[in-house]
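Asks: Take a look at this one; I'll ask things after.
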Amino acid sequence: MSNLAEWYGIECRKCFRHIVLPHRNPLGKSRHPWYWPKDEMQAWFLHPDCGYLSAYWIPEVHLIILEPDQNPLLFPLWRVTIPCEHGNCGIQISVHTRSKSKGGAGASVVEAIHEGCPLNCSKGHVVPEPSRLSIDEVPEIDEN
Ligand SMILES: [Zn+2]
Ligand SMILES: [Zn+2]
């Protein structure tokens, strides 16, 4: 039995550490064995350790082997949904981060944008001041 744990995740563009994605059932409805927002090729992730917010693409997801004492699931993954308020665009932008609390997840996304990480919708509209955030926890395991 292996004492290494296999996860899927992305590598932070700023500090090159990982953001681990929740597992998904590869034989179920999900197309990948990892979580990715539905119907999106590009997804936003905020790295909780360095606070850097950036967009990532599905091909950037890779297998991560962790030592048994490294627990990547210390904090839950949150999906922070922000509506694009440019004109009547209305596109919902999802930003993901791991945080101790729901409120902490929302606050760190707002802070990253204030500190200069650009966030835009899929039509390219920049979101200068995120508001009307809705925040949901993403389950670590979803067999459905
Ligand atoms: Zn980072
Ligand atoms: Zn937009």
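Asks: Looking at (1) at pLDDT 95 or above; (2) more than 28 Å from Tyr8 (Cβ to Cβ), which one does Gly87 not meet, given that it meets all the others?
Replies: That leaves (1) as the condition not met.
Asks: Hey, could you check the stretch 84-110 for residues that are in contact with a Leu (Cβ under 7 Å, 6 or more places away or on another chain) and not small (Gly, Ala, Ser) and say which is nearest to ligand 2 (Cβ to nearest atom)? Step through it out loud before you land on a result.
Replies: Here is the first cut: in the stretch 84-110, the residues in contact with a Leu (Cβ under 7 Å, 6 or more places away or on another chain) are 93, 95-98, 106, 108-109.
Among the residues that remain, those that are also not small (Gly, Ala, Ser) are: 93, 95-98, 109.
Values: Ile93: 8, Val95: 14, His96: 19, Thr97: 21, Arg98: 26, Val109: 17 Å.
Within the stretch 84-110, the match that is nearest to ligand 2 (Cβ to nearest atom) is Ile93.
Asks: Hey, another quick one. Could you list all residues from the stretch 101-130 that are small (Gly, Ala, Ser), under 18 Å from the mean Cα position of the chain (by Cα) and under 21 Å from Gly90 (Cα atoms)?
Replies: Residues satisfying the conditions are Gly106, Ser122.
Asks: Within the stretch 105-134, can you find the residues that are more than 12 Å from Pro83 (Cα to Cα), surrounded by fewer than 16 Cβ atoms within 10 Å (Cβ to Cβ), among the small types (Gly, Ala, Ser) and away from ligand 1 (no atom under 16 Å from the Cβ)?
Replies: Those that are more than 12 Å from Pro83 (Cα to Cα), surrounded by fewer than 16 Cβ atoms within 10 Å (Cβ to Cβ), among the small types (Gly, Ala, Ser) and away from ligand 1 (no atom under 16 Å from the Cβ): Ala107, Gly124.
Asks: Read through the list (1) under 20 Å from Glu129 (Cβ atoms); (2) not in a loop (DSSP other than H, G, I, E, B), then give the number of the only condition that Val20 fails.
Replies: The one condition Val20 does not meet is (1).
Asks: Report yes if His62 is in contact (Cβ under 8 Å) with a residue 40 or more places away in the chain, away from ligand 2 (no atom under 16 Å from the Cβ) and surrounded by 21 or more Cβ atoms within 10 Å (Cβ to Cβ), otherwise no.
Replies: Numbers: in contact (Cβ under 8 Å) with a residue 40 or more places away in the chain: yes; away from ligand 2 (no atom under 16 Å from the Cβ): yes; surrounded by 21 or more Cβ atoms within 10 Å (Cβ to Cβ): no.
No, not satisfied.
The values are calculated or read from the model by the stated rules, or taken from the named source; none is laboratory data. It should be emphasised that the depicted structure is a prediction, and the values quoted were computed from it without experimental measurement. Glycine gets a Cβ as well: all are built from the backbone with ideal geometry, and neighbour counts include every protein chain shown.
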